[in-house]
Amino acid sequence: MKTLDEFVVLFAEQFFRTEPATIKADTVFHDLEQWSSLTALSVIAMVDDEFGVTISGNDLHNAVTVEDVYKCIITKL
Amino acid sequence: MGVIENPFFLTQKTILITGASSGIGRAVAVECSKLGARCIITGRNEKRLQETLDALAGEGHLSIIADLAEPEGIDKLADKTPEVDGIVCNAGVVVTKPVAFYKPEDLSYVFGINTFSPMLIIKAFLKRKKIKSGGSIVFTSSAAADSAVAGNGIYGASKAALTNFMRYCALELGPRNIRVNAVQPGMVETDLIHGGAVSEADLAKDKTLYPLGRYGKPEEIAYGIIYLISDASAWTTGTSLVIDGGYSVW
């Protein structure tokens, strides 16, 4: 089971033009310049690979911070 | 009153429709039946396939449960289906993920159902000589065969392969007087697009890219398929009809 900190690192890895260190648990990720449908799909696929859990596009849309996404995953484990 | 001759009518025609338990496939079956066709419908889900059967106009339709991802399922379908005038290969699945996350099983699953299965279905019916001279085959391809959207690579590649296979079929089946065409729908309101990796918010944004301002309805694709199945398209083969609310003008 991955910790929140480990998840934040994995989440940040889906961005290629954003400094990873600027992405934290409380980051409002929808406001990031590079947030897009591609990063959203990458996060969904990463979660599937790393946690064996399927989150939907709507789940991501409803999450505000990176930690919210982590909490969503936990509820589906 | 004499009989009205209309080349779009499907009276006296037997049409096989795969993927008929929902979405575009169900709409094709329903609209074909309204135009007088006898429909042979197939799908995996018995309950939903029965719902399609119940929705058909007229008599004499047949429903065959088969898993077309398996060669045995295709053989079963081809054995049980009578000689047909038309085949609509419509069954399709989607896996949405960026290239960096592809797994071999994603490729086998999507290509298996979207591409290999239609190829093997046509083979199975040709082998059994179950497509009549004057018959017509239509593949439901996709606008995604020609245009790229992030995350849609497996689906788009599977449909591009299907569109190209259609051309080979048209070439080889022309001498048998069998026509082969495809339709390439843009986004259509079906179960395939909701609740998955793409959020409702992103779908709403995507709709703004369509000159007609909305996604299609299943029956709007069915009408195009019916044109290609009917005698109205008697000199049309090897073509792919784009039905996309104007999306491809971009």
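Values quoted throughout were computed directly from the atomic coordinates according to the rules given, and no laboratory measurement underlies them. Bear in mind that the values here come from a model prediction, so they are computed numbers and not experimental data. All Cβ positions, even for glycine, are placed from backbone atoms using ideal geometry, and neighbour counts span all protein chains on display.
Summary table
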item: Loop trypsin sites (Lys or Arg not before Pro), the range B:71-149 (other Cβ atoms within 10 Å of the site Cβ: 10 or fewer; DSSP); result: B:Lys129
item: Cα centroid separation - chain A against the range B:140-159, whole Å; result: 26
item: GluC sites (Glu not before Pro) within chain A: DSSP coil, no more than 16 neighbouring Cβ in 10 Å; result: A:Glu13, A:Glu33
item: Trypsin sites (Lys or Arg not before Pro) within the range B:156-250: DSSP coil, no more than 16 neighbouring Cβ in 10 Å; result: B:Arg214
item: Choice from B:Ala144, B:Ala91, B:Ala20 showing the highest fluctuation, given a GNM over chain B with Cα pairs closer than 10 Å; result: B:Ala144
item: Cβ charges +1 (Lys, Arg) and -1 (Asp, Glu), total dipole of chain A, debye; result: 120
item: Percentage relative contact order, chain B, counting C-alpha pairs under 8 Å, at least six apart; result: 20
item: Average partner coverage of B:98-108, which counts Cβ from other chains inside 10 Å; result: 3
item: 222 nm mean residue ellipticity, helices alone, for the protein assembly as shown (DSSP H n ≥ 4; -39,500 (n - 2.57); rounded to 500); result: -12500 deg cm²/dmol
item: Magnitude of the charge dipole, the range B:187-250, Cβ model with Lys/Arg +1 and Asp/Glu -1, debye to 20; result: 160
item: Inter-chain Cβ neighbour average for residues B:185-196, partner chain, 10 Å; result: 1
item: 13 Å beta-carbon shell around B:Leu56, net charge (K/R +1, D/E -1); result: -1
item: Top of A:Thr65, A:Thr22, A:Thr39 by mean-square fluctuation, Gaussian network on chain A, Cα under 10 Å; result: A:Thr22
item: The protein assembly as shown, dipole about Cα centre (Lys/Arg Cβ +1, Asp/Glu Cβ -1), debye to the nearest 20; result: 1460
item: Summed side-chain charge close to B:Val188 - residues other than B:Val188 whose Cβ falls under 13 Å, Lys, Arg +1, Asp, Glu -1; result: -2
item: Sites excluded, GluC sites (Glu not before Pro) in DSSP loops with at most 16 other C-beta within 10 Å, longest stretch of chain B; result: B:84-188
item: Around B:Ser240: net Lys/Arg minus Asp/Glu count, Cβ-Cβ under 12 Å; result: 0
